[in-house]
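The values are calculated or read from the model by the stated rules, or taken from the named source; none is laboratory data. Predicted, not measured: the structure shown is a model, and the values here were computed from it. Note that we place each Cβ from the backbone using ideal geometry, even for glycine, and neighbour counts take in every protein chain shown. Side chains included, ligands, DNA and RNA excluded: accessible areas come from the protein's heavy atoms. Shrake-Rupley method; radii C 1.70, N 1.55, O 1.52, S 1.80 Å.
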Amino acid sequence: GRAANFARTLQSRPGNVATPSHLADEATRMAGERGLEVTIMGPEELEAERMHALLAVSRGSDEEPRLIVLRHNGGAKGEAPLVLVGKGLTFDAGGISIKPASGMEEMIFDMSGGAAVIGAMQAIAELNVPINVVGIVPSSENLINGRAMKPGDIIGSREGKSIEVVNTDAEGRLILADALSYAQTFDPAAIVDCATLTGSVVIALGHHAAAVFSTDEDLVAELREAGDRSGERCWPLPLWDDYRRQIDSTVADIVNIGGRPGGAITAACFLREFVGDYRWAHLDIAGTA
């Protein structure tokens, strides 16, 4: 309950308070109180880690991006950890592909996946869960200035794949791409990400369930069981190769949006490009956050 309320508190703070640096400070404070290891990366460290996609999204804002890494060492030394990744987009105006004014104030909630991971790490520490867990939160704003990422730009990524940016409002998958690539460095037992990623998933499932996409059926079964127990249900959607073809690019390795049909699915197909061969699941929580 304490951890869930902490996540909700972070979610509900306005964008002029809950900036990427504020999210990092709150995660650091919580980690110090609960005995978690914490690493915070700023622009220089992100550049050294080749997180070009995350940096590209942040260019339109005066607020610096952050990558928050929390570690709970509850298992045996060297045991492969579970890695949780949460989207921490603290305000999303859509960038050059600007959102409609109506309802834009709700875009303070675009960091709900990140808040969920920070809250989960608090609960994991308090319960002293007997496994190793890593929480990763890429955090940025998506705003507009003279340096902002533009439609038609081709950007890099930590994974080494080039990305054609067709729509700057499909930015969550860009910051997650670098975080998921970084998650591989922990040689994880599994990677689970959660993100307020697409409006498309709200059309598909409304506000009553999150969508789950995965490369591993057993992982889907575990997540569905956990969701049923906790009252946060999730429902599986496919990742067929037919959908992957919608994000083919003629000028880069991949394009960042696959059009309106199956938008939540093509977004998940995009993320799959950055998890290697590891067990992975993606929760699109746009309708439930």
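Annotations
- Computed across region 9-68, the Kirkwood radius stands at 12.5 Å (inverse of mean 1/r, all Cα pairs).
- When the Gaussian network model of the chain links Cα atoms closer than 10 Å, the mean-square fluctuations of 167, 256, 16 top out at 16.
- Accessible area expressed per residue, region 158-242, with surrounding protein chains retained (probe 1.4 Å, Å²): 45
- Sorting the segments 79-88, 258-267 by their mean number of nearby beta carbons within 10 angstrom, highest to lowest, gives 79-88, 258-267.
- Of the trypsin sites (Lys or Arg not before Pro) found in region 1-83, those that fall in a DSSP loop while having at most 10 other beta-carbon atoms within 10 Å are 77.
- Apportionment of accessible area to carbon and sulfur, the chain, percent (1.4 Å): 50
- The Rg/Rh ratio of the chain, with Rg taken over Cα atoms and Rh as the Kirkwood radius over Cα pairs, comes to 0.93.
- Under 18 Å from the residue 218 label point (7 Å along Cα→beta-carbon), backbone N, region 242-280: 277-280
- Equivalent-ellipsoid semi-axes of region 10-162, from the Cα gyration tensor, Å, largest first: 29, 18, 12
- Under 17 Å of direct C-alpha separation, and excluding same-chain neighbours fewer than eight residues apart, residue 99 reaches these lysines: 150.
- Among the chymotrypsin sites (Phe, Trp or Tyr not before Pro) within region 217-281, those in coil by DSSP and having at most 15 neighbouring Cβ atoms inside 10 Å are 240.
- As a calculated quantity, the FRET efficiency between residue 207 and residue 44 at R0 = 35 Å, using C-beta atoms, amounts to about 0.30.
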